[in-house]
Amino acid sequence: MANLMISDMAAFGRAGEVRSGSTQVSALERIADEATSDDPVEWRVQGEVIARADAPEYADHVGLRLHLHAALDVPCARCLEPRRSVFDIDRRFVVFDSDEAADEAPLDDDRFDPIVANREYDLAELLEDELLLAIDSAGTHETCPPEALARLGLTPLGDVVARLEDEPSAFDILRKLQKGADED
């Protein structure tokens with residue numbers, strides 16, 4: 001596994017150092033709670049000094065550029081079976097030495113995201129943060145496996161899913177109540 005610690009963020013950025021590697025999903029604890037994969041997360045981080053032409057307000061600040069590729073199996077929000085999600089992330093960050101300084105960064109700036117790193121920085125946190133932001137926890141299969149739906153008491157009906165149970169849903173009861181009130 002690649003070294004995920006940067007011991008001196010300012011020196012890393014100013015020297016334009018590059019670190020890259022593959023990290024198993026199981027080594028990224030917060031991601032392992034949300035997804036699984038036999039494929040490693042591939043990543044590359046490069047330090048930089050932000051140029052005035054890129055962002056005058058961050059000129060001469062230390063920055064990072066992250067390239068990340070991951071193929072994760074995330075639970076489907078409908079059937080709970082794994083669904084494959086592929087992530088290709090390319091993001092730039094401006095490094096601040098305190099939370100207060102980062103809080104002053106514009107929230108609507110989509111060129112750079114602020115991160116805080118006094119000196120030492122754990123890249124695992126950055127990888128986890130970016131993947132957690134990218135995972136769509138409400139995502140579903142285009143078509144869920146019928147056997148998975150059946151285990152949950154659901155059945156596919158064209159593009160929608162219906163309950164197999166005989167008892168009416170709360171929405172069915174409300175519709176009947178509304179119809180009865182409309183007839184009075």
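Based on the Cβ-Cβ distance from D182 to L133, what FRET efficiency comes out when R0 is 45 Å, to the nearest 0.05?
On the way: r = 46 Å, r/R0 = 1.01.
Using R0 = 45 Å, I get an efficiency of 0.50.
Using the beta-carbon distance between A10 and R30 and R0 = 30 Å, what value does 1/(1 + (r/R0)^6) give for FRET efficiency, to the nearest 0.05?
Working: r = 26 Å, r/R0 = 0.88.
E(calc), rounded to 0.05, equals 0.70.
Using Cα pairs under 8 angstrom and six or more residues apart, how large is the relative contact order of the chain, in percent? Walk me through the intermediate numbers first.
Values: 301 pairs, mean separation 34.3, N = 184.
It comes to 19 percent, rounded to a whole number.
What residues have an amide H closer than 5 Å to that of V41, excluding those fewer than 5 places away on the same chain, when H is modeled at 1.01 Å from N in the peptide plane?
T23, Q24, V25
Quick check for you: with a 1.4 Å probe and neighbouring chains kept, what is the accessible area per residue of the chain, in Å²? Present the calculation step by step, with values, prior to reporting the outcome.
Values: 11350 Å² over 184 residues.
Counting only protein heavy atoms, the per-residue value for the chain is 62 Å².
When percent of Cα pairs over 30 Å apart is calculated directly from the model, which label among [x] 53; [y] 41; [z] 61 fits?
[y]
Hey, for a label at F87 modelled as a point 7 Å past Cα toward Cβ, could you say which residues of segment 110-138 have their backbone N under 12 Å away?
Counting only backbone N, you get 125-137.
With θ taken as phi - 60° and the coefficients 6.51, -1.76 and 1.60, list the Karplus ³J(HN,Hα) couplings across segment 57-70 in order, rounded to whole Hz; mark glycine and proline as x.
6, 10, 3, 6, 6, 6, x, 10, 10, 10, 10, 9, 10, 8
Tally up the carbon and sulfur contribution to the accessible surface of segment 15-86 as a whole percent, 1.4 Å probe, everything protein left in place.
44 percent
Which ³J(HN,Hα) values, rounded to whole Hz and listed in residue order, are derived for segment 82-94 from phi using the Karplus coefficients 6.51, -1.76 and 1.60 in 6.51 cos²θ - 1.76 cosθ + 1.60 with θ = phi - 60°, glycine and proline given as x?
x, 10, 7, 10, 10, 10, 10, 10, 9, 9, 10, 10, 10
The values are calculated or read from the model by the stated rules, or taken from the named source; none is laboratory data. Here the structure is a predicted model, which means the values were calculated and not measured. Positions of Cβ are backbone-derived with ideal geometry, glycine not excepted, and every protein chain shown enters the neighbour counts. For the accessible areas, the whole protein counts, side chains as well, though only heavy atoms, and no ligand, DNA or RNA atoms are used. Shrake-Rupley method; radii C 1.70, N 1.55, O 1.52, S 1.80 Å.
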